[in-house]
Amino acid sequence: MSDASAGKALAASTLAGKRVLVSAGPTFEDIDPVRFVGNRSSGKMGFAVAAAARALGAEVVLVAGPVHLDTPDGVTRIDVRSAAQMHTAVLGALPADAYVAAAAVADFTPRRVSEHKIKKTAGSDTLVLELVRTPDILAEVAAHARRPALVVGFAAETHEVERYARGKLANKRLDLIAANLVGGAQGGFERDDNALVVYWEGGERQLGPAAKTEVAAQLVQLIAERLQA
Ligand code: CTP
């Protein structure tokens, strides 16, 4: 713990009257009618954040990529598949007091979706897929006319976690960034536990290692403190 307030329990009405928007899970970018480009995000962290915000009394809207998870009680869920759909759903759900971008949004999507299943071509051992950048939902929300008071990003890094996370904090004009180390045995994708370091201008707080539900509760506690500050 790098500051004293971490770990203090908050009342169930701490976020009453606040609207919290969360995006969670992967996005799937279609290549043809049977194939897509995806990633290993389970959505568990974002769903746990949504549940934790609801538990503190917030109105919660959860924009979910394709995941196999039950909707937390009392949470409004909007299901999407692609980065483009997530972009539309998130911007359409503004205004909000806080936005937590826990989704692993595809950075690239196929330039075109083939109408028919792509067939192997005789004599060719390679297939070139042209990918184009997707909109950066988080950066757009942070620059939006209806910008939430608190915009929270996630950064999954394999090395130099603080440097890259603080770079994203500044470049995307975020209030908080929750960084986790991925790859190796430390945590991140496809696990039930996690450890995050949350950075902001002039501070940081270590959350976990603990169950994702506990780490999410600690993150929402930090969000509540910052919204009240
Ligand atoms: N994000 C987003 N829209 C995108 C891509 C990412 O909103 N098209 C959000 C994610 O939800 C997450 C944060 O941005 O909160 C991740 O930042 P990003 O710079 O995209 O991380 P990486 O994809 O890991 O970037 P890099 O490859 O540069 O490390």
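The values are calculated or read from the model by the stated rules, or taken from the named source; none is laboratory data. Because the structure is predicted, anything quoted here is derived from the model rather than measured. In this analysis, Cβ positions are derived from the backbone assuming ideal geometry, glycine residues included, and neighbour counts consider all displayed protein chains.
Just one of Arg173, Arg166 is more than 11 Å from the ligand (Cβ to nearest atom), in contact (Cβ under 8 Å) with a residue 12 or more places away in the chain, part of a helix (DSSP H, G or I) and of a type in the set (Lys, Arg); which is it?
Arg166
Within the stretch 196-213, how many residues turn out to be outside any strand (DSSP E or B) and within 9 Å of Ala178 (Cα to Cα)? The qualifying residues number 0. Count of the stretch 130-157 residues, restricted to those that are away from the ligand (no atom under 12 Å from the Cβ), touching an Asp or Glu at 6+ places or on another chain (Cβ under 9 Å) and closer than 18 Å to Thr88 by Cα, is 1. Residues that are out of contact with any strand residue (DSSP E or B) (no Cβ under 6 Å at 6 or more places or on another chain) and surrounded by 24 or more Cβ atoms within 10 Å (Cβ to Cβ) were ranked within the stretch 46-57; the one that is farthest from Ala211 (Cα to Cα) is Ala52. Scan the stretch 149-166 and give yes if some residue there is closer than 23 Å to Pro72 by Cα, basic (Lys, Arg) and crowded, with 17+ Cβ neighbours inside 10 Å, otherwise no. No, because not a single residue in the stretch 149-166 is closer than 23 Å to Pro72 by Cα, basic (Lys, Arg) and crowded, with 17+ Cβ neighbours inside 10 Å.
Surrounded by 23 or more Cβ atoms within 10 Å (Cβ to Cβ) and not aromatic (Phe, Trp, Tyr): does that describe Val60? Answer is yes for this residue. Only a single criterion out of (1) within 13 Å of the ligand (Cβ to nearest atom); (2) surrounded by fewer than 13 Cβ atoms within 10 Å (Cβ to Cβ) is not satisfied by Thr126, namely (1). Check the stretch 195-206 and report whether any residue there is under 18 Å from Ser41 (Cβ atoms), surrounded by fewer than 18 Cβ atoms within 10 Å (Cβ to Cβ) and out of contact with any Asp or Glu (no Cβ under 7 Å at 6 or more places or on another chain). Yes: the stretch 195-206 contains one or more residues that are under 18 Å from Ser41 (Cβ atoms), surrounded by fewer than 18 Cβ atoms within 10 Å (Cβ to Cβ) and out of contact with any Asp or Glu (no Cβ under 7 Å at 6 or more places or on another chain). Residues that are in contact with a Lys or Arg (Cβ under 6 Å, 6 or more places away or on another chain) and either at pLDDT below 95 or farther than 24 Å from Thr71 by Cβ (or both) within the stretch 7-32 comprise just one, Asp32.
Looking at the structure I just gave you, is Ala104 near the ligand (Cβ under 8 Å from one of its atoms), at negative phi, in contact (Cβ under 8 Å) with a residue 60 or more places away in the chain and surrounded by 18 or more Cβ atoms within 10 Å (Cβ to Cβ)? In short, yes.
Of note, Val80 does not satisfy the criterion of being within 12 Å of the ligand (Cβ to nearest atom), among the β-branched types (Val, Ile, Thr), surrounded by 19 or more Cβ atoms within 10 Å (Cβ to Cβ) and within 23 Å of Val49 (Cα to Cα). Of Thr88, Thr27, all but one fail to be of a type in the set (Ser, Thr, Tyr), buried (at least 23 other Cβ atoms within 10 Å of the Cβ) and closer than 21 Å to His144 by Cβ; the exception is Thr27. Evaluate the following for Gly65: is it over 16 Å from Thr213 (Cβ atoms) and not basic (Lys, Arg)? Considered against the rule, which asks whether it is over 16 Å from Thr213 (Cβ atoms) and not basic (Lys, Arg), Gly65 comes out as yes. Among residues of the stretch 133-162 that are of a type in the set (Phe, Trp, Tyr), those with a beta-carbon under 9 Å from a residue that is modelled with pLDDT of 95 or more and assigned to a loop (DSSP other than H, G, I, E, B) at least six positions away or on a different chain give the pairs Phe154/Ala102; Phe154/Ala103. Summed over the stretch 9-41, residues that are more than 22 Å from Ala84 (Cβ to Cβ) and assigned to a loop (DSSP other than H, G, I, E, B) total 10.
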